[in-house]
Structures are given as C-alpha cells and as structure tokens.
C-alpha cells in the first residue's frame, strides 16, 4: 500500500480507539480463565439457537481454544494499534476497522464454537471478511483479483467442510464437538468425512496444491497480512485438524495424508521463499512452511509431535506477526520492500532493527529464543515418528531455508552501507513500533523461561490428543540428536544465506505453475459460461419455457424410474354426466389452445381450461378455492389479452414448424404427471396435518374456516410473501401495459 494517508487523528480517532480497546479487553477477559484451563478444566456454555435442527451456540473453552483466543485477541490488539498509525489517516480507515473486527469476531467464533454448524458459520465469516480485507485497495486490479482468488479457493473448501459436518452429524448423532465420543475411524462414513474435512482444512491453511492463494493475499495492507495470514485465519485449517484429531486421527490415511502433504508444503514453500525479492513475499512463503509443519506433526499424532506442534504454533505467531509489522514500518519508512535494494537501515531505524533481530532470531531457531525451543521439540518428535526419515528430512530442509529467509528479511536490510531508497529512511511512530518489539520480546522471554508457555501448551496438547499428556518445555538439557541437528541446521542455513543470490537467479528460471494454472482455469470457466449463455440465453421466451419444461420432464422421469412406480388405473363407472361434461369442457379448451393460430383465441381457450378446473373444485366441495381459481383466470385473461393487442400476429408457417416438439413435450409431461398422480392415489393419505388443523383451528386461532385459518395464522408469513409477489406482479403488469410515453415530434 503506497499511500497510507496523513494521520491527523490520535490513534485513528474513535474508530481506532474502539479497534484497540475491544481486542485488548477480550484478551484480558480470556486471560482470567488461564488458571482453570491450566489445571485441566474444560468449560462449556450452551445456548439453544435452532433447537429443531439441534444447533446451539455452544462455547467450548479448553487449552486449544484458549490458546487461539489469546493469540487472536492479543495479537489483534497490537495489530490494531499498529493500524491506527499506519492507516489512521486513510479515507476508508473506519471501513477497514469494521472489516478487521468482523474478521476477529468470526475467528473467535470459529475457535470457541462447540457446535460444528455454528463453527461453519463463523468459518465463512472469516472467508468473507478476509475477502474484503485482501481487496481493501479496491482500485487495484491485482487486489481485486487476489481477493477473489482467496474467496473462491477457501469458499469451495468451506462447502466441502460443510458436507463433512453433515456426515459427522449423521455418524456421531449430533453436531456438538464435546459430545463426539470416541473415534469415528470404524464408521462406514469415515472416508468421505475425512476427505471433506481435509479439503476444507487444506484450502483454509493453504496446503499444496491449494497454497497459491496465500502469497497472493499479500496484496492486502501489511496489518492484514500480519493478522490474517500469520497468527489467525490461515491457522483455521490447522485448528480444525487439531480439534478433530481425537475423532478422525490415528488412522493410516490420516497419518500419510497429513504427513506427506504437510512435508511437501513445508519444503516447497521454503524453497520458493528464497526465490522472492519482496521481503513481504518471503514471509508469505515462510508462513506456508509453518503451516505445512503444523499439519505434518498433527498427522504424526504422537505426544511429542502434538506438544511440538502446539509450542511451534505460539512460536510462529509471535515471530511472524512481528516480522510482518516490521516490514510495514520498513515500507512506510523507506517506500520499498525490495530485498535487493534495502541495505544499511540499522542506524536510521534502530528500533525497527531491534524488532527485526528479535523476531528473526526466533524464526531462525537460534538460542535463547522461543523459536529454538520449538525447533528442538520438532526435531525430537521427528526422530521418534514412524516415518522418521521423511519427517526429519522435511523439517531439516525447511528449517535451514527458514534460517536463510530470516537473514534475508531481518539481517541484510539493516547491515552494510545505506542504499538509496524512494523515501529517506526513518523509524516509525511509537504505535507502529510497540507491536513488533513487544512480540519480539515475548519470543525472548518465553525462550529464557519456556515453562511460562506450559500453562497453554499442556492443556492444548491434551485437547488435541483427547487425553492428558506430560509436557516439559526447556531451553537446553543435554547434547543429543535433536541438538546436533539444530547445529547442522544453523550451518546449512548460513551457507544458503551466503549463496541465496545465486539460488534466487536459478529458481527464477523455473516457470511458475499453480498461479498461471489458476488463470487458465478461470479463463476456461469464463469461456464455458459465455458458451453456455450463448446456447441458453437466446432472448426467445419460447426457448426458455421449452427448456424449463424439458428439465421438469427429465426430473419427473428420473423420479418415476428410481421409485419404480406402478400406477393403478381407477374404475370409471363412478363418473357421472357432470363429470364427463366438465372433462369434455376442459379438453375442448386445451385442444383449442393448442391448435389455434390466434393469440387472443389461445388466451381465451386457456381461460376455459381454468374455468373447468374451478368447476372440478365446486363439484368436490371446495367453493372458496374455486372462487380463487375463477378470479385468477379472469385476471389472467384480461391482462394477457390487453398485452396481446400490442404484439404482432403469429406466422402460421412458424407455428406449424414448432408444434411437433411442443406436442411431444406436452404429451410426455402429461403422461408422467398422470402416472405420478395415479401412483400417489394408491398410497393411503397421511392425515396428521389435517387432524392437527381440525383440532387447533378454533381453540388456538379462533376460526372455523380451516383454509382461512391456515392462510392467516398458521402460514401468515407465506401469505405475506404471496401478497408481496402479487403486488410486484401487478406493478410489472402496470408498467408493461402502460408502455413508454414518447413526446410527440
């Protein structure tokens, strides 16, 4: 975002103050539950939402949800403080605050919901609000394109997740997460549940091959990148996998899918990070590395693996949010994010450099930072994993590349001779510096005192495992295989950093695959829709009606075939003269409608058919329905007849050409409808609704005319909708008949 606006308001004015105080207050409120959650308690609150569907707004607060809630609100408060200075003078800053707080609400609802259906609602809130945030600079075509890409990828995954939720409800008997007892691995629906849930989680957390949307989401303002795509939204899929691990985990397909895709994502993204020259893009790809690592270790599923994943979850949130905010200050203070240009900023931006160094040391996994603790436990868990060589190899390569990426982002721009930049380098104001420095200090404090993180890591590990687990975080105990791997990581990472300009040149020659593939796919969709529109939207009303009724014919045919209907022809001896007279009356009107060449005659004949139907209602004791039918028919004939006066005469030759197809379709629909009605008549009527209305009409609705009571009381909302439809139709008819008044020449 090149133009941040001039901030003449203190912390962005009222919108800024609200955006800061709200997440800060929520953070302090959630913090009060830490002692109880650390002691092993699980807190659940339930409020009925849609009782008939078994949907409730339940709040589940355990170690996993509390960890996410504290990260969402704590980092959210720092990001909004940063934004109040970074964007406080922007003309649309208030709109930005609304979008950001909407996203925060959605994310909190996602991680706190006990009901899976409610969780999905908040899941989609994050999807829509992130779309608005990524496309905040709506004047830029790239921002609009990238926002739409994120919306479509995560939205399609969300629909798959919704289908998985429905199957989970069928398999477990409900949608409450706390009520899902035991594993669903032996259930016949396990495989489709697994595939649908993984599709939702992988698109949300940008696993290969759905990874391409996340780097493109860097079109959003830097505070959005720091918040959505490091600490919160992209971890929504990780949260889902962790939350459902007790019920879906522990199977071979769970293990190999998560371990393979997570490992590939971690390594692939780390390699692409070295290729980037925009330091914001470097961080975007290292975010993918972290997400792949978390998915891989959730798939491993051992006690050490889950403990390492929960510790690394906090590690990554601290250093990644700090680095994104630091990049925002660099962009604000120099006017560029180009890693090949930025050099020697340390003297001009000392506080920014402090934040960068603290966060980058944790990202590189160097002691005594919290990142070193997290990496040590990742190695410890990898060395004990079933697929040891794969897991250890992936985490080693990714960690070495992360070391080099940390140098590219936070060491190279601040060392050496000062390079010329579009803006004279200067530190940011204090609201922009507080967040990254504080998060960097958190990384140092939790590294020196890793037991401070145990009250969150222990209960979150227990929540993911579905049972209690021993957690012992430490900075250093002994020289072991994990420690030696860390030393090797530093050495290899340092070498990669030294030669990364050459690696970048080589990697730049590899053509991108996924993002251009997305463009080609969208072009194909656009071409397909244009072709389909040209085929269907011909501008001829007859074609629309024909296609509509042909579709109905296919649907009726499929229903008859699947239900294997066997209609019974009723006896005709009970028909009297009046019945035959009405039948002949209706047939005469139908035949005249079909064979006349005059629109006016056809309309009048069609009215005759309607009057015949009204006579049927009268014969069988429904005079009120008959009156309604007569009124509708009269109104239809009058209105349509007036409209027909303005249309040209029909061409007899054209009528003869199209009558064959119309006849075939009409006969087909008539036969199918007859078959279905005859089959329905062989089934005893379910009179429960009839009996209900008979019993309740007088005592509850105070009416003896059951039809009126149904329309006015029991189906009042439907009746209101029908009245609205009639009103709209009347206005449309008036506009059509009135025509366009043109002044006389």
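Here are some notes:
- The label point for residue 417 and the one for residue 597, both projected 7 Å from the Cα toward the Cβ, are 9.5 nm apart.
- Multiplying the residue separation of residue 17 and residue 584 by 0.36 nm and subtracting their alpha-carbon distance yields 196.3 nm.
- Pairwise label distance in nanometres, residue 480 with residue 31, each label 7 Å out on the Cα-Cβ vector: 3.4
- Structure-based [θ]222 nm, the chain - -39500 (n - 2.57) summed over DSSP H runs of at least 4, per residue, nearest 500: -24000 deg cm²/dmol
- Taking Cα atoms only, the orientation of helix 303-334 departs from the longest principal axis of the chain by about 90 degrees.
- With only the Cα atoms considered, the range 439-560 has a convex hull volume of 337 Å³ per residue.
- In summary, the convex hull built on the alpha carbon positions of the chain has an orientation-averaged projected area of 44.8 nm².
- According to the calculation over all Cα-Cα pairs in the range 252-509, the P(r) per 10 Å bin from zero is 8, 32, 35, 18, 6, 0 %.
- Each peptide in 372-384, 702-714 was scored by the mean count of other Cβ atoms within 10 Å over its residues; highest first, the order is 372-384, 702-714.
- Residue 503-residue 340 pseudo-label distance in nm [points 7 Å out on the Cα-to-Cβ vector]: 1.8
- Length gained when the stretch residue 673-residue 488 is fully extended (0.36 nm per residue, less Cα-Cα span): 59.0 nm
- Against the main long axis of the alpha-carbon atoms of the chain, helix 688-701 sits at an angle near 90°.
- Of all DSSP beta bridges confined to the chain, the antiparallel ones make up roughly 100%.
- Sorted largest first, extent of the range 685-745 alpha carbons per principal axis (Å): 68, 27, 16
- Packing-based order for 22-30, 194-202, using average beta carbon neighbours within 10 Å, highest first: 194-202, 22-30
- Rounded to the nearest 10 degrees, the inclination of helix 388-410 to the longest alpha-carbon principal axis of the chain is 70 degrees.
- Order by protection proxy (mean Cβ within 10 Å, highest first), peptides 109-120, 671-682: 109-120, 671-682
- Alpha-carbon centroids, the range 434-480 and the range 507-576: separation in whole Å: 55
- Per-selection Kirkwood Rh - the range 139-208 (Cα, Å, 1 d.p.): 13.4
- By the Stokes-Einstein formula, at 0.692 mPa s and 37 °C, the range 38-106 with its Kirkwood radius over alpha-carbon pairs has D equal to 224 µm²/s.
Every number in this text was worked out from the coordinates using simple rules, so none of it is lab data. If you're wondering where the values come from, they're calculated on a predicted model, not measured in any experiment. Glycine also receives a Cβ, built like all others from the backbone with ideal geometry; neighbour counts cover every protein chain displayed.
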